[in-house]
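What follows draws every value from the coordinates through simple rules; no lab data is involved. Being a predicted model, the structure only gives us computed values, none of them experimental. Positions of Cβ are generated from backbone atoms using ideal geometry, with glycine treated the same way; all protein chains shown enter the neighbour counts.
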Amino acid sequence: MQIVIKASNFTLTDALRDHAERRVRFALTFFCTHIQRIVMQLSDINGPRGGVDKCCNLRVVLAGLNDVVVNDIETDLYVAIDRASNRAGRTVRRQLARRRDRACSIGRASTTSSTE
């Protein structure tokens, strides 16, 4: 699972990079066979003025499915990373379950039509 972390309008520290990578791996490792790449874009929208302006944009590229894109804005970048990672994990799980359910329903439909 390839993880790319980019930063805009601030310097990405080693501690922040480690935290981001750890949270994404924790949330998405279970689905790593379906994930081609993860791109995390971190930004500070207002710069030194502060406020609710720390943004975490997370794109999960899945094999054979649409990309999962999650965006979260908070006052604390660590919280934004945590929330975006958790939401991405839930969304990937839901996407893969839908694909599995469609495959099962197609398989059931073809076996019931062939037995009639």
**Fill in**
Under the helix-only model (-39500 (n - 2.57) for each DSSP H run of 4 or more, divided by the residues of the chain), the mean residue ellipticity at 222 nm, to 500 deg cm²/dmol, is -16500 deg cm²/dmol
**Complete:** Out of Gly89, Cys56, Thr11 - ranked by how far each Cα lies towards the positive end of the dipole of the chain, with unit charges on the beta-carbon of charged residues - the top one is Gly89
**Request:** Find how much the distance from Asn46 to Ala63 grows on full extension, using 0.36 nm per residue of separation minus their present alpha carbon separation; answer in nm with one decimal.
**Result:** 2.6 nm
**Of [x] 44, 31, 23; [y] 40, 26, 25; [z] 70, 24, 17, the label for Cα extents along the principal axes in Å derived from the coordinates** = [z]
**Prompt:** Rounded to the nearest 0.05, what FRET efficiency is calculated for Gln36 and Arg93 with R0 set to 25 Å and r the Cβ-Cβ distance?
**Reply:** 0.90
**Fill in**
Connecting every pair of Cα atoms under 10 Å apart in the chain and solving the GNM, the largest mean-square fluctuation among Ala27, Ala103, Ala63 falls on Ala103
**Prompt:** How would you rank 16-25, 64-73, highest first, on the average number of other Cβ atoms within 10 Å across their residues?
**Reply:** 16-25, 64-73
